[in-house]
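Note sheet for the following structure.
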Amino acid sequence: MQNSKKAIALIICLIMALTLLAACGNNGSTTQESNAPASSSANQPQSTPSAAPALPSASAAQPTSGDQSFIQAAPTDESVKYAEHLEVLLDSNLSVINPCSPAGSSGTANTATYAMIYDRLIEYDKDAAVHVPALATRWETDDWQTFRFYLRDDVYFHNGDKFTAQDVVNTVEIAREAPGTIISTNLSGIATATAIEEYTVEFVLDSVNVYFLFNIDLSIIGMLNKRAIEADSVEGFYIGTGPYKVTDFSTNDYVSFERNDDYWGVLPITKTQTWRYLPEVSTRAIRLQNKEAHVAMQVATGDIKFFRDSPDFVTFAVLQNDSHSVQFNMKDPICSDLNFRLAVVHALDREACAIVAMEDMYILPTDGSPGWGYITPMRNTSIPLISQDLDLARKYLADSIYNGEVIEITTARIDNVRAMEAAQEQLAKIGIKASVNEMDQASFLAFATGLEENGQILFWPQVLSADQRSYRSIYYTKMGPNRSKYSNPKVDEMLDLVQTIINPAERETIYMELQEIIYADLPTMTLYYRALEFAAAKGVGGVRTEINTSYDFRNMYMTLDN
């Protein structure tokens with residue numbers, strides 16, 4: 001318990017340091033806004049010479065605790081020997097391999113899988129805080145509305161098809177047929193996608209969007225093979241241009257990968273990987289301890305001490321930026337009543353829910369900013385936090401239309417279920433009857449991401465990046481990640497406007513007001529932020545983590561004793 005608290009404390013200290021570093025240039029002064037068009041090439045990762053908007057950036061590095069070897073690159077010593085196969089135990093299930101399916105649109109197992117098998121046009125280097133080439137060697141824009149990408153000419157899909165600009169156009173068209181998914185949401189602003197030449201593609205957006213490069217840098221925005229998908233609507237989505245190929249997949253059980261030896265980029269060290277979904281955290285710990293696996297994602301606080309103290313293992317912790325939120329269905333007759341929502345949020349004890357769910361691996365919000373990332377800049381910290389007040393909760397409930405109905409709370413994953421069972425007991429104290437509807441993760445995501453008016457109250461993390469772009473998908477009308485079905489024309493107007501604003505200070509002013517409006521409407525309530533800790537066998541390294549707890553296993557390796 002004490003070690004976990006030290007881990008959390010270290011994470012917080014690192015975040016504070018990163019915040020200060022992000023605000024300062026090399027000489028310690030505030031970074032100046034740039035006004036030049038965005039441009040990048042292999043020799044110039046992303047220059048913003050004098051006219052491009054100063055884009056929001058993620059934190060300079062990942063807040064972590066534990067053994068840093070987990071994220072270090074492989075040793076360069078030629079005498080080092082490596083394991084050919086690695087086994088990973090997942091805490092998140094993989095039901096489908098398909099970014100265009102609601103069940104495959106989000107979740108850590110999904111995003112990690114897509115990083116293995118797909119390549120995207122560009123990637124984001126969070127350490128250098130710049131976009132870097134991937135399938136695109138360079139890109140340019142003069143106005144943040146028309147973007148031109150120049151592609152590699154030496155890339156092949158796993159089925160042997162050569163990658164060209166037409167495949168980029170095809171990916172945009174396929175995504176348009178998948179409303180409600182992240183790939184569709186992030187590409188929805190593209191008015192036209194045109195293959196100018198065989199290896200040149202041009203996007204014209206509906207409007208200026210200073211976040212567009214961030215919209216396309218995610219693993220879920222990988223390039224798809226239209227011919228493969230038309231031939232097989234299931235396994236066609238297994239085909240990408242990435243460093244690994246899918247060799248076997250059993251839904252909600254395991255997925256196996258084999259290195260793509262014809263990969264255009266640097267070949268991974270590890271030849272094969274198998275990831276297995278084990279929902280019970282204790283089982284993951286036991287299997288790792290017995291050396292039946294090499295990595296266990298999300299180890300319980302009670303088990304982590306063994307791995308910390310053992311010379312045979314390394315541990316690693318990461319703070320989740322995502323807001324674990326109570327999300328009200330604003331189309332439901334009862335949940336659409338503001339007094340009812342106020343009754344619920346005043347009845348809940350955040351810390352009690354967090355302790356039941358995460359023991360002491362959590363962070364509580366200190367303000368009432370709705371659905372904002374823990375380290376996402378431009379947070380409105382002046383918004384007051386709603387604390388538990390049972391008397392006030394009863395008063396709001398008495399003024400609401402609630403009349404003793406059973407309110408259904410839907411969630412997935414054991415930690416979330418435990419949190420909502422605690423919430424169920426707290427709501428009963430003010431007279432609200434509630435049931436907890438536990439789903440498997442795939443069913444929940446399909447249920448919650450759909451554009452239909454599903455559910456009454458949902459509990460799930462709102463996926464947030466380390467810049468503000470994801471706020472739009474959470475609160476804009478009819479976006480798939482807008483699970484509360486929230487709709488406010490003023491908010492939509494401001495979310496459309498803010499992505500066209502070049503000046504960061506002007507963007508911040510809009511975001512501050514946006515948070516106040518959404519707070520007053522109360523479609524969601526942040527309960528807590530998770531801090532995850534996991535363990536691995538000694539010698540494992542090359543794993544990258546993002547602030548939203550996406551994992552990147554492309555370059556994972558394990559050194560062997562000589």
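Filtering segment 360-372 to residues that are at pLDDT below 90, part of a loop (DSSP other than H, G, I, E, B) and touching a Lys or Arg at 6+ places or on another chain (Cβ under 8 Å) leaves Asp360, Met361. Pairs needed: first member in segment 386-404, farther than 17 Å from Asp349 by Cα and touching a residue at least 12 places away in the same chain (Cβ under 8 Å); second member anywhere, among the aromatic types (Phe, Trp, Tyr) and surrounded by 14 or more Cβ atoms within 10 Å (Cβ to Cβ); C-beta distance under 8 Å; at least 6 residues apart or different chains. The qualifying pairs are Ser400/Phe340; Ile401/Phe340; Tyr402/Phe340. Per the listing Ser323, Ser336, Ser369, the residue uniquely among the small types (Gly, Ala, Ser), without any contact (Cβ under 8 Å) to a residue 24 or more places away in the chain and within 30 Å of Leu522 (Cβ to Cβ) is Ser336. Across segment 507-562, the qualifying residues are those that are within 23 Å of the chain's Cα centre (by Cα), at negative phi and of a type in the set (Val, Ile, Thr), and the one among them that is modelled with the lowest pLDDT is Ile547.
Identify the residue in segment 301-327 that is buried (at least 18 other Cβ atoms within 10 Å of the Cβ), modelled with pLDDT of 90 or more and polar (S, T, N, Q) and, among all such residues, is nearest to Ser484 (Cα to Cα). Only one residue fits best here, namely Gln327.
Take segment 383-396 and flag every residue that is in a loop (DSSP other than H, G, I, E, B) and either aromatic (Phe, Trp, Tyr) or surrounded by 16 or more Cβ atoms within 10 Å (Cβ to Cβ) (or both). Working first, answer last.
Narrowing segment 383-396 to residues in a loop (DSSP other than H, G, I, E, B): 383-389.
Matches in segment 383-396: Ile383, Ile386, Gln388.
Determine, yes or no, whether Ser465 is part of a helix (DSSP H, G or I), touching a helix residue (DSSP H, G or I) at 6+ places or on another chain (Cβ under 8 Å) and either more than 30 Å from Arg287 (Cβ to Cβ) or modelled with pLDDT of 90 or more (or both).
Answer is no for this residue.
Residues in segment 351-377 that are of a type in the set (A, V, I, L, M), crowded, with 21+ Cβ neighbours inside 10 Å and out of contact with any Ser or Thr (no Cβ under 7 Å at 6 or more places or on another chain): Ala354, Ala357, Met358. When Ser256, Ser323 are screened for being polar (S, T, N, Q), over 30 Å from Gly371 (Cα atoms) and under 25 Å from the mean Cα position of the chain (by Cα), only Ser256 passes.
Residue count for segment 180-206 under the criterion of being of a type outside the set (Asp, Glu), part of a strand (DSSP E or B) and buried (at least 17 other Cβ atoms within 10 Å of the Cβ): the result is 6.
Within segment 257-284, the residues that satisfy the criterion of being surrounded by fewer than 18 Cβ atoms within 10 Å (Cβ to Cβ), part of a strand (DSSP E or B) and hydroxyl-bearing (Ser, Thr, Tyr) are Thr272, Thr274. Whether any residue in segment 445-459 is small (Gly, Ala, Ser), touching a Ser or Thr at 6+ places or on another chain (Cβ under 7 Å), at pLDDT below 80 and part of a loop (DSSP other than H, G, I, E, B) is what I want to check. No - not one qualifying residue is present in segment 445-459. Within segment 165-179, how many residues are surrounded by 19 or more Cβ atoms within 10 Å (Cβ to Cβ) and in a loop (DSSP other than H, G, I, E, B)? Residues that pass the stated criteria total 1. Could you tell me whether any residue of segment 513-529 is more than 30 Å from Met420 (Cβ to Cβ) and not in a loop (DSSP other than H, G, I, E, B)? Yes. Restricting Ser369, Ser400 to those that are touching a helix residue (DSSP H, G or I) at 6+ places or on another chain (Cβ under 6 Å) and within 21 Å of Val498 (Cβ to Cβ) reduces the list to Ser369. Scanning segment 397-442 for residues that are among the polar types (S, T, N, Q) and either surrounded by fewer than 16 Cβ atoms within 10 Å (Cβ to Cβ) or on the phi > 0 side of the Ramachandran plot (or both) turns up Asn403, Ser435. Selection of first residues in segment 277-291 that are without any contact (Cβ under 8 Å) to a residue 60 or more places away in the chain and of second residues that are outside any strand (DSSP E or B) and aliphatic (A, V, I, L, M), restricted to Cβ pairs under 8 Å at least 6 apart or on distinct chains, gives the following pairs, ordered by first then second residue: Ser282/Ala300.
Residues are listed down the side, and each one gets a yes or a no for (1) part of a helix (DSSP H, G or I); (2) in contact with a Leu (Cβ under 7 Å, 6 or more places away or on another chain); (3) more than 30 Å from Asp399 (Cβ to Cβ); (4) of a type outside the set (Phe, Trp, Tyr):
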{"site": "Ile286", "(1), (2), (3), (4)": "yes, no, yes, yes"}
{"site": "Gly302", "(1), (2), (3), (4)": "yes, no, yes, yes"}
{"site": "Arg308", "(1), (2), (3), (4)": "yes, no, yes, yes"}
{"site": "Asn321", "(1), (2), (3), (4)": "no, yes, yes, yes"}
{"site": "Cys335", "(1), (2), (3), (4)": "no, no, no, yes"}
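The values are calculated or read from the model by the stated rules, or taken from the named source; none is laboratory data. Since we're looking at a predicted model, the values are computed, not measured. So basically every Cβ, Gly included, is an ideal-geometry build from the backbone, and we count neighbours across all protein chains shown.
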